[in-house]
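Colleague: Encoded as structure tokens, here's the structure I'll be asking about.
The values are calculated or read from the model by the stated rules, or taken from the named source; none is laboratory data. Treat the numbers as computed from the prediction; the structure is a model and nothing was measured. Glycine gets a Cβ as well: all are built from the backbone with ideal geometry, and neighbour counts include every protein chain shown.
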């Protein structure tokens, strides 16, 4: 049987094996600006070298091992002969003063040495030279470093380099063989519920054909296991490389972790990592990733490969505690270590932004020119609509520009001039703006922001991040975000200005339909599964999450008995803003009291906003409090521990507990309170988003598209929140529960009908 062939670029090989030194994020990194300038500089240097200079020479060399062939390939910047001596040229563009460089960077030199060895296998010279050419991206000043090597020297060095890489590849292939063997007898770990077999077969077929599927399945069907199991089997069958289980909220990641754990208990061997946000992994009080402020950043690159290899080869599950344990042992940054480890595992559980966010996505998997046989499982996919709009939108505030200009005065005259130019451009737009003003495009502001970015990159390179005020650094990222989104502008965007709270204009690049941007990300993989209990109407979600014409959907009916559900609707209350006041709050509070006094147990009450919730809670506690009823409330900005403590109350409570929550918040979806942990949900209002600039822009945009703009901007998002909140009660086939819906929507219709959309029947009017 033919051995597998592993292909790796020269650059990736040396940057992986030979990286060393400190972790330091203080330097600028405007990829677009640097790449443009770097490409121009490369062409200029290559053009000056004369006819004897061969530019962009493709090279590759295959090395045979017993278990695998490793092919290293790439393009040498230049090859030339001088006085009979062959030279390999490696060109690097930098912002630093090249005259101050004392020696070439190790990984740069290693690239040239790899090319020299590969080229020498054809020509067989006694000696070959490498030249490092450094050029300043602004001044184009050049500096050269030269070294000569014998073939024997290069051969020993190259073999050592490749042997170090082969260690990783050898373990990877051995593990995959063991992993796939563990699936030979792997069965679905539970007796199939109604609808689960349909999901499993649909997902597997989707992956095998490289398509996308939308799965609408009511709460409690078991969507997590029904999507993970066929995806795992697909990986074992060679239909995919890696699984990305994507979530909107931390709490839903736990469910995915548990599903993988259950499969492992049934014999599966699968390496799974949960990527946790940097702030939640950082050992320091403040995430400053540089050797001056962080012990773990010092020498991080010297040790991280050894840390990752030990963790990878000794453990199969990598949660927060495991990552912290090994990071402490090896004295490395736990977050950066987790990203390095993710490349080698079978499944990654992470937030949406690690795949879709243009500023956060995992470049190891989804960077320019990279792709793979990835399987995307997108949990609670209805959340991706608003998250997508957020990730693919950007803004610049004139107030921030003025503050950045003030701060930059002590550092860079060039930056001050660039900021003043942007300020003038925004001030012109400010004069024409009243409430909000839709524009055809950002105009000259984009070019102005690009100049600002260039000046800030130079400044950061010169200062290495030292002494710069935090506010100026934050503005740098704002500029970066704006330029990244500016590149994406098309018919799916609306550009508009509005007046900020400080009286200065804000220019916004608003992504009204994220489908095209999401599609570009998913094209990096093979297949995608969108699933949720609330993907209705499905055409709405398909239009906002995908541009593919061959997508299809499946609907699964509820497996729960109708007699286990009681739905009550109150018609004499309203959440309409014009009705809000003491009398309305008192009536709602009385309904809550009458409900929770009827039967001892745990309840959740969902409101359309924090303010509404707080007002009703105040009336309830003042006028309807009882010794046997305890109330707790969700607060804005709860951390992970506070969220856990809130949910733990529902497990520990022995009397009657009432949790006051917000629709669309962290407790309205993705949590499982089974059995007696939750016996009733009370939904106050329709959950319709508040009327605002962006919602009105959405309504107008879709009206012009020939669809009901009110549905797209308000009704569908609102009904989704209601249905998600209602879904917290019945989580298993044995659960019983009650739903109470008390309010009217904007047209005065009873919103109890919203339950009928999810198959909930048996409505009773109070």
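Colleague: How many residues are within 17 Å of residue 519 (Cβ to Cβ) and under 13 Å from the mean Cα position of the chain (by Cα) when one looks only at the stretch 356-376?
Modeller: So the count comes out to 7.
Colleague: Please work out which one of (1) at pLDDT 95 or above; (2) part of a helix (DSSP H, G or I); (3) over 30 Å from residue 161 (Cβ atoms) is the condition residue 309 fails and give its number.
Modeller: Just one mismatch for residue 309, condition (3).
Colleague: List, please: which pairs have Cβ atoms under 6 Å, are six or more places apart or on different chains, and start with a residue in the stretch 264-281 that is within 27 Å of residue 353 (Cα to Cα) and end with one that is assigned to a loop (DSSP other than H, G, I, E, B) and at pLDDT below 95?
Modeller: 274/319; 278/287; 279/287
To keep it simple, each residue is scored yes or no on (1) more than 31 Å from the chain's Cα centre (by Cα); (2) assigned to a loop (DSSP other than H, G, I, E, B); (3) closer than 30 Å to residue 91 by Cβ.
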site: 156; (1), (2), (3): yes, no, yes
site: 160; (1), (2), (3): yes, no, yes
site: 184; (1), (2), (3): yes, yes, no
site: 192; (1), (2), (3): yes, yes, no
site: 202; (1), (2), (3): no, no, no
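Colleague: Residues being part of a helix (DSSP H, G or I) and under 20 Å from the mean Cα position of the chain (by Cα): count how many of those fall in the stretch 238-286.
Modeller: The number of residues fulfilling the criteria is 12.
Colleague: Next question. Name the single residue, out of those in the stretch 197-219 being free of Cβ contacts under 8 Å to residues at least 60 places away in the same chain and touching a helix residue (DSSP H, G or I) at 6+ places or on another chain (Cβ under 8 Å), that is surrounded by the most Cβ atoms within 10 Å (Cβ to Cβ).
Modeller: Top of the filtered list is 200.
Colleague: Might you check whether a residue that is part of a helix (DSSP H, G or I), modelled with pLDDT under 95 and crowded, with 19+ Cβ neighbours inside 10 Å occurs anywhere in the stretch 356-378?
Modeller: Yes, some residue in the stretch 356-378 is part of a helix (DSSP H, G or I), modelled with pLDDT under 95 and crowded, with 19+ Cβ neighbours inside 10 Å.
Colleague: Tell me yes or no: at least one residue of the stretch 495-515 is modelled with pLDDT of 95 or more and under 25 Å from residue 347 (Cα atoms).
Modeller: Yes, because at least one residue in the stretch 495-515 is modelled with pLDDT of 95 or more and under 25 Å from residue 347 (Cα atoms).
Colleague: Suppose we filter the stretch 686-701 for residues that are free of Cβ contacts under 8 Å to residues at least 40 places away in the same chain, assigned to a helix (DSSP H, G or I) and either more than 19 Å from residue 499 (Cα to Cα) or in contact with a strand residue (DSSP E or B) (Cβ under 6 Å, 6 or more places away or on another chain) (or both); how many remain?
Modeller: Number satisfying all stated conditions: 2.
Colleague: Is one or more of the residues making up the stretch 438-449 under 30 Å from residue 665 (Cβ atoms) and either part of a loop (DSSP other than H, G, I, E, B) or not assigned by TED's automatic domain parsing to the domain that holds residue 483 (or both)?
Modeller: no
This table checks each residue for (1) more than 30 Å from residue 210 (Cβ to Cβ); (2) assigned to a loop (DSSP other than H, G, I, E, B); (3) touching a residue at least 24 places away in the same chain (Cβ under 8 Å).
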| residue | (1), (2), (3) |
| --- | --- |
| 488 | no, yes, yes |
| 494 | yes, no, yes |
| 508 | yes, no, yes |
| 519 | no, no, yes |
| 536 | no, yes, yes |
| 539 | no, no, no |
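Colleague: Could you tell me whether any residue of the stretch 667-685 is out of contact with any helix residue (DSSP H, G or I) (no Cβ under 6 Å at 6 or more places or on another chain), at positive phi and in contact (Cβ under 8 Å) with a residue 24 or more places away in the chain?
Modeller: yes
Colleague: Now for a different question. Looking at (1) more than 22 Å from residue 389 (Cβ to Cβ); (2) under 24 Å from the mean Cα position of the chain (by Cα); (3) in a loop (DSSP other than H, G, I, E, B), which is the only condition residue 473 fails?
Modeller: (3)
Colleague: Something else: Taking only the stretch 430-454 into account, find how many residues are modelled with pLDDT of 90 or more and touching a helix residue (DSSP H, G or I) at 6+ places or on another chain (Cβ under 8 Å).
Modeller: Count: 16.
Colleague: In a helix (DSSP H, G or I), in contact with a helix residue (DSSP H, G or I) (Cβ under 7 Å, 6 or more places away or on another chain) and buried (at least 21 other Cβ atoms within 10 Å of the Cβ): is that true of residue 416 in this structure?
Modeller: It is false that residue 416 is in a helix (DSSP H, G or I), in contact with a helix residue (DSSP H, G or I) (Cβ under 7 Å, 6 or more places away or on another chain) and buried (at least 21 other Cβ atoms within 10 Å of the Cβ).
Colleague: Looking at the structure I just gave you, is residue 146 in a strand (DSSP E or B) and within 24 Å of residue 10 (Cα to Cα)?
Modeller: Here the answer is yes, as residue 146 does meet what is asked.
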